[in-house]
Amino acid sequence: MQDEKHYGIRSGWLRAAVLGANDGILSTASLVIGVAAASTTREPIILAGVAGLVAGALSMAAGEYVSVSSQADLENADLARERIELEEMPEEELLELAQIYKERGLDSNLALQVAKQLTEHNALEAHARDELGINDITQAKPLVAALSSGASFIFGGLLPVLVAYFGSLEYMEYVQYIFAVVFLALLGAIAAKAGGSNIWKAILRISFWGTVAMAITALIGHLFEVSVA
């Protein structure tokens with residue numbers, strides 16, 4: 001029998017990586033477009049791009065680590081509480097587990113048998129998975145999320161910086177927009193492929209919202225340019 005492909009095991013790192021790369025491309029390109037709209041020289045554009053890249057990567061990694069650590073703390077607190085309940089009232093916990101299986105479609109006798117066998121095998125694991133919804137695949141991993149997010153932000157943000165360095169200064173806004181949409185579309189396709197979802201839907205979604213963000217930033221840059229003039 002062929003091995004089945006299950007994409008859920010990728011959810012932890014894939015979410016952080018896609019979010020980081022998307023933010024890297026979008027925020028850096030938007031920043032560069034905004035500065036380019038108000039500047040006639042290349043140096044401030046590149047400086048803004050590099051500054052946004054560094055600050056964004058550090059902020060992304062730190063924010064991801066803190067948020068996922070908070071999730072991990074909640075999970076650990078739930079597991080600790082469940083461990084105490086299993087020690088203090090094992091019968092009630094057994095019946096609670098059996099009721100969960102009964103609600104999923106098993107008859108009362110079979111639900112109780114399954115609950116007993118899983119409890120004998122590993123009671124905490126059974127309750128963590130079936131009562132709390134915590135398992136090895138979905139369990140929060142702060143360091144993995146932080147590294148994935150920070151590294152992918154650097155990769156994504158580096159692309160608009162390179163465009164700012166090599167692209168036409170006269171048409172910088174348009175060059176940045178075109179390349180950013182291409183990068184975002186490629187990211188959407190890669191993420192959809194890795195996650196087993198619809199590729200075109202992902203491309204349209206990420207390209208549309210990227211266009212909105214960059215258009216608003218360019219408008220602000222032009223307004224700033226007018227106010228300074």
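The values are calculated or read from the model by the stated rules, or taken from the named source; none is laboratory data. Predicted, not measured: the structure shown is a model, and the values here were computed from it. Cβ coordinates were reconstructed from backbone atoms using ideal geometry, including for glycine residues, and neighbour counts include every protein chain displayed. Note: accessible area is taken over every heavy atom of the protein model, side chains too, but ligands, DNA and RNA are not part of it. Shrake-Rupley method; radii C 1.70, N 1.55, O 1.52, S 1.80 Å.
Computed over protein heavy atoms with a 1.4 angstrom probe, the accessible surface ordering of TRP209, TRP200, largest first, is TRP200, TRP209. Between ALA77 and LEU124, the simple label model (points 7 Å from Cα in the Cβ direction) yields a spacing of 1.8 nm. Stretching the chain fully between PHE166 and ALA189 yields a gain of 5.7 nm (0.36 nm per residue, less the alpha carbon separation).
Relative contact order of the chain: 40 percent, from C-alpha pairs under 8 Å at least 6 residues apart in sequence. Estimated at the nearest 10 Å², the accessible area of THR211 is 40 Å² with a 1.4 Å probe. Across the protein chains, with a 1.4 Å probe defining accessible surface, the residues TYR65, TYR101 rank TYR65, TYR101 from largest area downward.
To the nearest ten degrees, helix 172-195 and the longest principal axis of the Cα atoms of the chain are 20 degrees apart. When the trypsin sites (Lys or Arg not before Pro) in segment 74-116 are filtered for DSSP coil states and for at most 14 other beta-carbon atoms within 10 Å of their beta-carbon, the remaining sites are ARG104.
Placing unit charges on the Cβ atoms of the charged side chains and taking the dipole of segment 10-224 about its Cα centre, the candidate lying farthest along the positive direction among VAL66, VAL163, LEU95 is VAL163.
The modelled label-to-label distance for the pair GLN99/SER69, using points 7 Å beyond Cα in the direction of Cβ, is 3.7 nm. Against the chain, whose longest principal axis comes from its Cα atoms, helix 43-88 is set at around 10 degrees. Across all directions, the average projected area of the convex hull around the alpha carbons of the chain is 17.0 nm². Both numbers refer to the Cα atoms of segment 11-83; Rg and Dmax are 17.9, 64 Å. For the chain, the longest principal axis of the C-alpha atoms and the axis of helix 11-38 are separated by about 20°. Distance between the C-alpha centres of segment 147-213 and segment 82-127: 48 Å, rounded to the whole angstrom. Across all Cα pairs in segment 55-118, the calculated P(r) in 10 Å bins from zero up to the longest distance comes to 20, 28, 23, 15, 12, 2 percent per bin.
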